[in-house]
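Below is one structure, written out as structure tokens, with a few remarks after it.
The values are calculated or read from the model by the stated rules, or taken from the named source; none is laboratory data. As the structure is a computational prediction, the values presented were derived from the model and not from experiment. Don't worry about glycine lacking a Cβ; one is built from the backbone with ideal geometry, like all the others, and counts go over all protein chains shown. Note: accessible area is taken over every heavy atom of the protein model, side chains too, but ligands, DNA and RNA are not part of it. Shrake-Rupley method; radii C 1.70, N 1.55, O 1.52, S 1.80 Å.
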Amino acid sequence: MSERDEHKKHEGTGHERTGTDTGTGVDSATDTGDVLAEVGPRLRRIRKERGATLAGLSSATGISVSTLSRLESGLRKPSLELLLPIARAHQVPLDELVGAPEVGDPRIRAAKPIVMHGRTHWPLTRQPGGLQAYKVLEPRRKQEPDPRTHEGYEWLYVLSGRLRLVLGEHDVVLGAGEAAEFDTRVPHWFGSTGEGPVEFLSLFGRQGERMHVRARPKKRGVDD
């Protein structure tokens, strides 16, 4: 092989290698662009599946409605700073917002329990705003009722144990299978009777959503 042919051979090899590297880089950039382009439609789909509005999501995340709208339409590039609060509001893993969830695993991701004022709350709803549902475990403890008021409407259903409810002038004890509903603008308090732990469901709506089951007032002399 002549020196000229050898030189051409090396030039060809170098060109082919460079072309391969360039092609890989373009493909990688294209893949990233495709992933980012899919984030907006995925955000809109997840939000609509949960029945949430842009205004409700904005209230839950602190992100403006216009920014959320631009994210969903692909006019705003998604960032970790924006996606993290959205993932928390929807109670989904971050990777569900930027990629399709894993296929084949039937397990439901349960929300982490929240401990507040000695009570453990398990969120049962996954969308921000609207009616919120919780499973609550109240430990055995003796407490002095401290009625409060706020906007909204609440519904309670006792799963096990006994729950004391102070509502306005009423003081009732609910047993397993009993329920109560009330306007939270009326001074109210509920908690353990001190006899043991109590497990109950709590449904709360800030917009005044109502239920249709009422508690039976306790009989004097029985629960006193």
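Of all residues in region 125-154, which are in contact (Cβ under 8 Å) with a residue 40 or more places away in the chain, in a loop (DSSP other than H, G, I, E, B) and under 26 Å from G51 (Cα atoms)?
Matches in region 125-154: R126, Q127, P128, G129, G130, L131, E151, G152.
Name the helices (runs of 4 or more DSSP H) wholly within region 1-103 that hold at least 1 residues that are open to solvent by less than 70 Å² (accessible area, probe 1.4 Å), at pLDDT below 90 and polar (S, T, N, Q)?
Details: elements: 3-49, 54-61, 65-73, 80-90, 94-98.
Counting at least 1 such residues, we get 3-49.
Looking at region 175-202, which of the residues that are among the aliphatic types (A, V, I, L, M) and in contact with a Phe, Trp or Tyr (Cβ under 8 Å, 6 or more places away or on another chain) is nearest to H117 (Cα to Cα)?
L201
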